[in-house]
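S.K.: Please see the structure below; I have some questions.
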Amino acid sequence: MPMFDQLLGLLRGEQVTRSSLANLLVTQTVVFLLQAILNKSALVDLPAPLLLLLIESFITSASVYGGYWFGWYDLRAAKNPTHTLRALRWLIAAKVVSAVTRTYCVEAVDGAVFNLVRGLVLPFAVILSAFFLDRKPSTASLVPVIVICMGFYVGTFSEHSDLTDVGGSYGVTIGALSSFFAALDLTVTKTSLDTHSIYDILFVTNAGTVIVTLPMILLGSEYGDHLTSDHPVDSVRLFILKAIVCGLLTFIAAVLALLQLNLTSPITHQITTSARGILQSLFSVILLGELMEWPQILSIAIILIGTLAYTIIKELEQRAGESRETADGLLEKGSGS
């Protein structure tokens, strides 16, 4: 299968041509949708979000190590785990909290409105980048950020919206928390990619998630409420099977996301990401029988418009900055001669 061969080639570190990028983007979209639908479906079978996260993280870290064992890429974390864990300790903490809140958010709200309640990721990311990465936003880029916040308001707290459509107060709260920690995760990851490979980051963060979630399950209410109760055996088996598949999909999705970032512009990346969000809502309505009211539909549309506008503005600002640097360089050469 050409698609499977391309994916294996990517894992082995082979160059991927732009001509095959369209196929890989389609694969990435399919993987994303399968992961989103299976995650929600698994939690319907058995409402155990921490166990779902534990199994997925274990499978993902095992998949990363398997690729290293086959010699497809280097894994510094396997050779010097103590140093890698110490160097990435803050990233591991951010990833664990982000993963936990995201999984609880998946359980709390319908898949159709998942991207709505987590619609504040970009505004939080802009704020955190300004504080920790010293990347002050321009006045123009703040306009779409405000639009995104307005879109979130329309679908949650406006007089035309019903909180029960988005999981109630708990759904909105866990969605906002998930957005914040996802933005924190992105911010910390940006500072780590310069010194560590995506495989090192995937391995240690998912292994750290396994270490943290296991005692949380055993000591928390999830073990007594769901794992020791008389749930149908078929539901438990189906839950575990879906969690294992989602773990494999998480690994593949992370590799494909890295490829897309390397081969496409930020605008293309954001457009495909937004398209996947829309498809997730549509498939949740069609396959899971979920409902969407018009305030939520309008809210998601406003958030997507604001996100795309922000990406376009940042791309234009970056190109303008590069043009100024080129012009300054030519002037210096001219004055030197």
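S.K.: Tell me, what ³J(HN,Hα) does each residue in the stretch 152-167 have, in order and in whole Hz, if you take phi through Karplus 6.51 cos²θ - 1.76 cosθ + 1.60 with θ = phi - 60° and put x for Gly and Pro?
M.R.: 4, 5, 4, x, 10, 9, 5, 5, 8, 9, 10, 4, 5, 6, 10, x
S.K.: Read phi for every residue in the stretch 59-76 and hand back ³J(HN,Hα) as whole Hz from Karplus 6.51 cos²θ - 1.76 cosθ + 1.60, θ = phi - 60°, with x for Gly and Pro.
M.R.: My calculation for the stretch 59-76 gives 5, 5, 5, 5, 5, 4, 5, x, x, 5, 5, 6, x, 6, 7, 8, 9, 5 Hz in order.
S.K.: Please go through the residue pairs Lys136/Lys314; Lys40/Lys190; Lys95/Lys242 and name each one whose alpha carbons sit more than 18 Å apart in this structure.
M.R.: Lys40/Lys190; Lys95/Lys242, as the Cα separations exceed 18 Å there.
S.K.: At a 10 angstrom cut-off on C-beta neighbours, averaged per residue, how do the peptides 207-219, 99-111, 28-40 rank from highest to lowest? Numbers along the way, then the final one.
M.R.: Details: 207-219: 17.4, 99-111: 22.2, 28-40: 19.9.
Most protected by this proxy first, the peptides run 99-111, 28-40, 207-219.
S.K.: Whenever you get a sec, line up Trp294, Trp72 from highest to lowest accessible area (probe 1.4 Å, protein heavy atoms).
M.R.: Correct descending sequence by accessible area is Trp294, Trp72.
S.K.: Starting from the Cα-Cα distance between Leu288 and Arg86, subtract it from 0.36 nm times their residue separation and give me the gain in nm to one decimal.
M.R.: Values: separation 202, 0.36 × 202 = 72.72 nm, distance 4.23 nm.
Full-extension gain reported as 68.5 nm.
S.K.: Here's a follow-up. Which order do peptides 50-63, 73-86 fall in by mean Cβ count within 10 Å, highest first?
M.R.: Numbers: 50-63: 23.9, 73-86: 14.9.
Ranked from most to least packed, the peptides come out as 50-63, 73-86.
S.K.: When the scattering of the stretch 89-134 is computed by the Debye formula from its Cα atoms alone, each counted once and equally, what is log10 I(q)/I(0) at q = 0.24 Å⁻¹?
M.R.: Computed log10 I(q)/I(0) values: -0.95.
S.K.: Taking the Cα atoms of the stretch 114-187, report the difference between the largest and smallest coordinate on each principal axis, in whole Å and largest first.
M.R.: Extents along the principal axes, in whole Å: 39, 25, 14.
S.K.: Treating only the Cα positions of the stretch 78-159 as identical point scatterers, give the base-10 log of I(q)/I(0) from the Debye formula at each q in 0.12, 0.21 Å⁻¹.
M.R.: -0.54, -1.06
S.K.: Taking the mean number of other Cβ atoms within 10 Å as a proxy for protection, how do you rank 188-195, 168-175, 113-120, 299-306 from highest to lowest?
M.R.: Values: 188-195: 14.1, 168-175: 18.4, 113-120: 26.8, 299-306: 21.8.
Descending packing order for the listed peptides: 113-120, 299-306, 168-175, 188-195.
The values are calculated or read from the model by the stated rules, or taken from the named source; none is laboratory data. For clarity, every value in this text was computed on a predicted model and none was experimentally measured. Here the Cβ is made from the backbone with ideal geometry for all residues, glycine too, and neighbour counts use every protein chain on show. Note: accessible area is taken over every heavy atom of the protein model, side chains too, but ligands, DNA and RNA are not part of it. Shrake-Rupley method; radii C 1.70, N 1.55, O 1.52, S 1.80 Å.
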